[in-house]
Amino acid sequence: MITSSANPAIKEARRLATRKGRYAAGQVFVEGVRLATDIWRSGALPERLFYAPDLLSPEGRQLLAELEAAGCRPLACTATVFASLSETTTPQGIGAIWPLPQLPWPAQPSLLLILDGVSDPGNAGTLVRSAEAAGCDGVLLAPGTVDPFNEKTLRAGMSAQFRLPTRVCASWSEVELLLPPTLRCFVADAHARTPYTAVDWRLPAALVVCNEAHGASSEASRRSAPVTLPMLGAGESLNAAVAGAVILFEAARQRRPDSRNSQ
């Protein structure tokens, strides 16, 4: 039983709370039954497992048993020590260190999501989750975008980052290296004239969703054609995560086999 937050294993896990710490170690700490279960179901095995017996729910105990059976050696902690690892108000008593996923980038992606300076972790995570659900081949994070493995981003993404190829790019040059020459980019823009439904999303395409406050970067604007979501109400625009999801699911609708004859 670990009884001190000064324990080396606990200190190692806490270092992963920062972006610098995560990428230096190539690891991320994830806390919570639902999120850890989703990652485990994705096929990833934790490198280190922590639990607090007094905090575990029946679901937490079941997950702990599954991970032990898979070969993990869990480290028991007091509730106080485990709370020092958790960023939630009510810790669920189970958390693990996982290797940062390195899913292969698709050779010929046909539908991508690009996040351009999306700094809100809730929006970024929700967009990654929507991208997976809509059948995207991958997600690119352009400069200024929040880390996809930030605790809040992971939680909002429901661990989609462990199932969908995701690349953090330091520049738009890096973004473009991962885009096939024939792939067209469209950027969501409340002031555009072309509605998103007028685009033929059956062709290879990428959707760029940008920062709500600052709009698209100059690089995104140069590379992308603007599309808009026509609105009936008095509001000027939708939340970035909502707008992105609506457009991605229009692309998914058009790409369904039963929709091709109706275009």
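Peptides 238-249, 221-232, 85-96 ranked from most to least packed, by the mean per-residue count of other Cβ atoms within 10 Å: 238-249, 85-96, 221-232. Here is the P(r) of region 74-216: all C-alpha pair distances, binned every 5 Å from 0, give 2, 9, 17, 20, 18, 13, 8, 5, 4, 2, 1, 0 in whole percents.
Would you work out the Kirkwood radius for region 158-211? I mean one over the mean of 1/r across all pairs of different Cα atoms, in Å.
Values: mean 1/r = 0.0747 Å⁻¹.
Result for region 158-211 stands at 13.4 Å.
Summing charges over all other residues whose Cβ lies under 12 Å from the Cβ of ALA9, with Lys and Arg as +1 and Asp and Glu as -1, gives +3.
Quick check for me: using +1 on Lys/Arg Cβ and -1 on Asp/Glu Cβ, what's the dipole size of the chain about its Cα centre, in debye to the nearest 20? Working shown, then result.
Values: 25 positive and 24 negative charges, 62 e Å.
The calculated dipole for the chain is roughly 300 debye.
Against the chain, whose longest principal axis comes from its Cα atoms, helix 121-133 is set at around 70 degrees. Taking the chain as a Gaussian network of alpha-carbon nodes connected by springs under 10 Å, the highest mean-square fluctuation of the residues VAL33, VAL208, VAL128 belongs to VAL33.
Net charge in the neighbourhood of THR153 (other residues with Cβ under 15 Å of its Cβ; Lys, Arg +1, Asp, Glu -1) is 0.
Principal-axis analysis of the Cα atoms of the chain puts helix 240-255 at an angle of about 70° to the longest axis. Would you tally the net charge around GLN92, using a Cβ to Cβ cut-off of less than 9 Å, leaving GLN92 out, and scoring K and R as +1, D and E as -1? Summing Lys and Arg as +1 and Asp and Glu as -1 gives -1.
Values (i) 38, 18, 17; (ii) 31, 28, 17; (iii) 29, 22, 18 are given for comparison; semi-axes √(5λ) of the Cα gyration tensor in Å, derived from the coordinates here, is the one labelled (i). With angles folded into 0 to 90 degrees, how steeply does helix 58-69 sit against the dominant principal axis of the chain? Use alpha carbons for both and round to 10. Once rounded, one gets 80 degrees.
Where a number appears in this text, it was derived from the coordinates with a stated rule and is not lab data. Please read these numbers as outputs of a predicted model, since none were measured by experiment. Note that we place each Cβ from the backbone using ideal geometry, even for glycine, and neighbour counts take in every protein chain shown.
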